[in-house]
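Here is the structure we will look at.
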Amino acid sequence: MTTILALFILGIGVVYVAVLSWFIRQDSNRFRQENNRIAAHESGHAIAAWSCTIVSDIHHITIEKSNGGEVEYAFFILPKAPWCLLVIHLAGLTAEIAKYGKFRSGYCITDLYKSLQCAEEIVKNGIQCPWELPALSRSLPFHKMYVEDISLECQQVLLQAYNYCRSLLDTHRHQYKILLAQLKNKKTISSPQEIESVLGNRDLITGLRSVKIGFV
Ligand SMILES: [Zn+2]
């Protein structure tokens, strides 16, 4: 009888340990997937900032913030800045769509809000786009942008910037992959020099002084 009881308790112990380790495994899988998604998102922002000539420096890229990740950069205040900032803001969710086919609306809410602000400024001041824009081939799910009324002009600007962003990520696919791997591994890239060693040198506007700091 005692042996049966001992075996029964042992059996329960084994099942308990198996269930517990299954939950721990699920949890660490979820954590890894979440980290990968944040790394993809922040790599998108960083590649757009790195490609933009008005950005003087990328100070750091991290996936270790309590609310996800962050790219801090400095940019020259120029008339075309709203277009560049719009592309940088859209690049995180663009990278998510490119990799996963969708973006997490909640996580991207600040990016969406700031993108819309840039688009409104562009429309209001009639700021010409500084680049040759690719043909519109992809659409954005505006119904997921948490804003009820986006004017048609703003929608057009957002779409153009989104398509430009996709083409940027395509063009710099190689650097994007390197950066993504580094971020997954190191979690934080903490200086302009380190970022340059990962992404390479870039063309910069020189001789300008007024610089502002941006976060995405
Ligand atoms: Zn973002």
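The values are calculated or read from the model by the stated rules, or taken from the named source; none is laboratory data. Note that the structure is predicted; figures quoted are calculated from it, not measured. Here Cβ is always computed from backbone atoms with ideal geometry, including for glycine, and neighbour counts include all displayed protein chains.
For this structure, a couple of remarks:
- Selection count, segment 31-54, where residues are among the acidic types (Asp, Glu) and buried (at least 24 other Cβ atoms within 10 Å of the Cβ): 1
- Selection within segment 42-81 - part of a helix (DSSP H, G or I), within 15 Å of the chain's Cα centre (by Cα) and at pLDDT below 90: Ser51
- Of all the criteria given as (1) under 19 Å from Leu152 (Cα atoms); (2) crowded, with 23+ Cβ neighbours inside 10 Å; (3) of a type in the set (S, T, N, Q), the one not satisfied by Asn125 is (2).
- Failed item in (1) modelled with pLDDT under 80; (2) assigned to a strand (DSSP E or B), with Ala18 passing the rest: (2)
- Counted residues, segment 82-102 - those being buried (at least 24 other Cβ atoms within 10 Å of the Cβ), without any contact (Cβ under 8 Å) to a residue 60 or more places away in the chain and within 12 Å of the chain's Cα centre (by Cα): 1
- Residues that are surrounded by fewer than 17 Cβ atoms within 10 Å (Cβ to Cβ) and more than 16 Å from Ala81 (Cβ to Cβ) within segment 103-122 comprise Arg104, Ser105, Gly106, Ile109, Thr110, Tyr113, listed in sequence order.
- Members of segment 64-91 found to be touching a Gly at 6+ places or on another chain (Cβ under 7 Å), away from the ligand (no atom under 11 Å from the Cβ) and among the aliphatic types (A, V, I, L, M), listed by number: Leu85
- Within segment 95-104, the set of residues being in a helix (DSSP H, G or I) and more than 10 Å from the ligand (Cβ to nearest atom) comprises Ile97, Ala98, Lys99, Tyr100.
- Condition check for Tyr107: more than 19 Å from Ala74 (Cα to Cα), within 14 Å of the ligand (Cβ to nearest atom) and in contact with a strand residue (DSSP E or B) (Cβ under 9 Å, 6 or more places away or on another chain): yes
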